[in-house]
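Below is one structure, written out as structure tokens; comments come after it.
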Amino acid sequence: MHADNHHGSLRTAWLVVALLVPVALLNYLDRQLVATMQKSIVGDVTGITSQEQWGHMLACFKWTYAIASPFAGLIGDRFSKSLVICLSLFAWSAITWATGQATTYEHLLATRAAMGLSEAFYIPTALALIAEQHAAGTRSRAVGIHQIGIYLGLMLGSLGGFVADSPRLGWRWGFSAIGLVGVIYALPLFVLLRRWSHRGAAERRHSAESPVGSAAALLANPSFRLLLAYFTLPAIAGWVVRDWMPSVLQKDLGLTQGLAGVSAVIYWQGAAIASAVLGGWLADRWMRTTDRGRIYVSALGMALIVPALLGVGVVIGTKSLPLAILFLMLFGFGWGFFDTNNMPILSQIVPAERRAAGYGLMNMVSTSCGGLADVGFGWLRDQQVPLPLIFGGFAALACLSAWLVLCIRPVNRS
């Protein structure tokens, strides 16, 4: 009987992951469309006159996302995770539809700010739910499969340039259609998640820790502070690669909007999918022999990201698209190892009732810095600073990150 209960519980845990993969896809598809449709949006929306201004619009999403993230994590720890996830999906999908109606820069800024606010509630809550459902033996694989939804969303978003260039469709149609899909999926998702994700509900109802107490406890933990820095530094480059690489390839290599979007996203996200699967399996297997298994896999990913960033900055200057794609794929392979293991490592250093809050705090710092990076990168582009110098700086931050994660001291194998 015990074996049957364990099998049923594990099956339910994987069903929860399967339900969340499409949500993760929509979460990042909605974000990526702006980057791949930049030329069409700038040509149609009034009031956009510089790259720095575009960077401010990208940063507006990140800053509202950052401000809301700690609060969102606390909400995810204290209330029904299924309800938080589905309300977040419904809200950001409605805002995605509204983005397609924007006619001025101010309107676009408002929708991106609202998008950041609504999407902030999803990732911390979803990853905490997965960690809650999956024990140590499957946790990294479960998170890795969920992250595949993110990478697929970015890959589909890379096609946005072709949609924007189509006379029959256009950029507005893309936002409107995808927004409606998310609104429709939210209701059946809520019904199914409520049925399959009850584990841990009793503990959440009895959690009485104040928001200030939760944040103070997290920041008092030396390993959490290390993870916070480790999570943030490489994400600065990650945001720039996602948000700016289509524009960089279009302008520096003379590509069309559609080809630039595909080249800048689809190959490295494909590599990230492969490494998320491999990294999750390798981390779970390594954890059988050492409680630092996930840390070692994540550090290995960071070791791949360093030369990838150096290479991207150099080869774009040579006008070589194949070499640029090759180094972006190396970046993606390292990114999958890194991305898959952040919540599992967090689960080893903080108790279950603080996981969503911890990830929310990590998101706040990471996306705040990402917003600054978007504005700064736009300003550097306007000043014509060489790409090798910019990406060399990103590589230095990634190198520091590899050392930081190796300093983390896990307290359990869960």
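Pop a pseudo-label 7 angstrom from the Cα along the beta-carbon direction at both HIS107 and ASN221 and give the gap in nm to one decimal.
Here the answer is 4.5 nm between the modelled labels.
Dipole of the chain (Lys/Arg Cβ +1, Asp/Glu Cβ -1, origin at the Cα centre): which of SER368, HIS56, VAL411 lies farthest to the positive side?
The residue sitting most towards the positive pole is VAL411.
Arrange THR49, THR99, THR138 by Cβ neighbour counts within 10 Å, fewest through most, would you?
THR49, THR138, THR99
Could you list GLU132, GLU119 in order of exposure, starting from the residue whose Cβ has the fewest other Cβ atoms within 10 Å?
Fewest-to-most Cβ neighbours within 10 Å comes out as GLU132, GLU119.
Quick one: what are the phi-derived ³J(HN,Hα) couplings along segment 151-165, Karplus 6.51/-1.76/1.60 with θ = phi - 60°, whole Hz, x for glycine and proline?
Result, rounded to whole Hz: 5, 5, x, 5, 5, 5, x, 5, 7, x, x, 5, 5, 5, 7.
Given a Förster distance of 45 angstrom, what is the FRET efficiency for LEU406 paired with ARG168, based on the Cβ-Cβ distance and rounded to 0.05?
Working from the Cβ atoms, E equals 0.30.
Under a plain spin-label model, where a point goes 7 Å from the Cα along Cα-to-Cβ, how far apart in nm are ALA396 and THR12?
Once both label points are built, they end up 5.2 nm from each other.
Among the lysines, which have Cα under 25 Å from the Cα of LYS319 when same-chain residues fewer than 8 positions away are ignored?
Within the straight-line cut-off, LYS319 pairs with LYS39, LYS251.
Mean residue ellipticity at 222 nm from the helices of the chain, using -39,500 (n - 2.57) per DSSP H segment of n ≥ 4 over the full residue count, to the nearest 500 deg cm²/dmol?
Estimated from H runs of four or more residues: -28500 deg cm²/dmol.
Please give the length that would be gained between SER50 and ALA352 if that part of the chain were fully extended, namely 0.36 nm times their separation in residues minus their C-alpha to C-alpha distance (nm, one decimal).
Going from the current span to full extension adds 104.2 nm.
Using alpha carbons only, how many degrees (0 to 90, rounded to 10) separate the axis of helix 222-253 from the longest principal axis of the chain?
Helix 222-253 and the main axis of the chain meet at about 30 degrees.
With springs connecting C-alpha atoms under 10 Å apart, model the chain as a Gaussian network and identify which of GLY261, GLY293, GLY149 has the largest mean-square fluctuation.
Comparing GLY261, GLY293, GLY149 in the GNM, the peak value goes to GLY293.
Ranked by Cβ crowding within 10 angstrom, fewest neighbours first, how are LEU389, LEU129 ordered? Could you put the intermediate results ahead of the total?
Values: LEU389 10, LEU129 26.
Sorted ascending by nearby Cβ count, the order is LEU389, LEU129.
What angle, in degrees between 0 and 90 and rounded to the nearest 10, separates the Cα long axis of helix 51-78 from the longest principal axis of the Cα atoms of the chain?
In the chain, helix 51-78 runs at an angle near 10 degrees to the longest axis.
Compute the long axis of helix 171-196 from its Cα atoms, compare it with the longest principal axis of the Cα atoms of the chain, and write down the angle in degrees, 0 to 90, nearest 10.
0 degrees
Whole angstrom only: what separates the Cα centroid of segment 342-414 from the Cα centroid of segment 220-235?
7 Å
With each label point set 7 Å from Cα along the Cα-Cβ vector, what nm distance links LEU253 and LEU192?
Computed distance between label sites LEU253 and LEU192 equals 3.7 nm.
State to the nearest 20 debye the size of the charge dipole of segment 2-406 about its Cα centre, where the only charges are +1 on K and R beta carbons and -1 on D and E beta carbons.
700 debye
Over the Cα atoms of segment 303-414, what Rg and Dmax result, in angstrom?
16.7, 50
All of the numbers you see were taken from the coordinates with simple rules; none came from a lab. These numbers were taken from a predicted model, which means no experiment stands behind them. We place every Cβ from the backbone using ideal geometry, glycine too, and count neighbours over all the protein chains shown.
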